[in-house]
Amino acid sequence: RVATVSELVDAALQEIGALGASETATAGDAQLGFLRLNRLLDRYANQGLTMYEVTRTTWAISANDGEYTVGTGANVSVARPVSMNAIQDVRFIDTTPNPDEEFPLQRLTVDQYAAISMKAETGVYPQAWYYNPTFTTGTLTLWPVPTSTTLQGALYALTRVPQFAALSTS
């Protein structure tokens, strides 16, 4: 049987002795429990404890553009990864051959990216990527800046358990 958020809140309050076995939470207490449950999911996500699958998201790579926003509704439309560790892999797809070919890119740490003196250097294909979890959308940088017009990107990122929408959510 699948429980609702309201039932989970009642069970938690019963577990800590705030409610008796047959009691249910008041509307105010249920709402407070709902808010705290969603806050707990946020905390766990920051620690990677609610990441349950890897999602592959593709986007168009524009020639002579090396920076892409990452987040809901951004260039790479996926829930914004909270850190570089939430990104498992970044690749580029060459759509010229049939079928398309996908190639891995090297992950750059902050120090490695900072050490690149010619960040605007161009090349037909990118070789590496760097992610900065800026707010409200993250920034994914490809290096060198690709000049090919036949590329797509593929981002493999951990997907977290979403927050609950309402007390009635199952």
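The values are calculated or read from the model by the stated rules, or taken from the named source; none is laboratory data. Values in this document were obtained by computation on a predicted structure and should not be read as measured data. Virtual Cβ from ideal backbone geometry, glycine too; neighbours counted across all protein chains shown. For the accessible areas, the whole protein counts, side chains as well, though only heavy atoms, and no ligand, DNA or RNA atoms are used. Shrake-Rupley method; radii C 1.70, N 1.55, O 1.52, S 1.80 Å.
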Practice item. Keeping to region 125-170, report how many residues are outside any loop (DSSP other than H, G, I, E, B), surrounded by fewer than 20 Cβ atoms within 10 Å (Cβ to Cβ) and at pLDDT below 95. Key: 1
Exercise for review: Output yes when any residue across region 58-68 is open to solvent by 60 Å² or more (accessible area, probe 1.4 Å), in contact with a strand residue (DSSP E or B) (Cβ under 9 Å, 6 or more places away or on another chain) and farther than 26 Å from Gly123 by Cβ, and no when none is.
Suggested key: no
**Study point:** Asp94 of a type in the set (Asp, Glu), farther than 18 Å from Thr134 by Cα and surrounded by 15 or more Cβ atoms within 10 Å (Cβ to Cβ)
**Key:** yes
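Could you please let me know if Leu105 is more than 23 Å from Phe164 (Cβ to Cβ), hydrophobic (A, V, I, L, M, F, W, C), open to solvent by less than 70 Å² (accessible area, probe 1.4 Å) and free of Cβ contacts under 8 Å to residues at least 60 places away in the same chain?
Values: more than 23 Å from Phe164 (Cβ to Cβ): yes; hydrophobic (A, V, I, L, M, F, W, C): yes; open to solvent by less than 70 Å² (accessible area, probe 1.4 Å): yes; free of Cβ contacts under 8 Å to residues at least 60 places away in the same chain: yes.
Yes, satisfied.
To keep it simple, each residue is scored yes or no on (1) closer than 30 Å to Thr122 by Cβ; (2) open to solvent by 40 Å² or more (accessible area, probe 1.4 Å).
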| position | (1), (2) |
| --- | --- |
| Phe34 | no, no |
| Ala45 | no, no |
| Tyr52 | no, yes |
| Gly71 | yes, no |
| Ala86 | yes, no |
Check your understanding: Which condition does Val5 not pass, out of (1) farther than 18 Å from Ala165 by Cβ; (2) buried (at least 17 other Cβ atoms within 10 Å of the Cβ); (3) touching a Phe, Trp or Tyr at 6+ places or on another chain (Cβ under 6 Å), if it passes all the others?
Key -> (1)
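Mind checking which residues of region 67-86 are part of a strand (DSSP E or B) and within 19 Å of Asp42 (Cβ to Cβ)?
Selection gives Val70 alone.
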Review point. So is Asp29 in contact (Cβ under 8 Å) with a residue 40 or more places away in the chain, charged (D, E, K, R) and surrounded by 12 or more Cβ atoms within 10 Å (Cβ to Cβ) or not?
Key: no
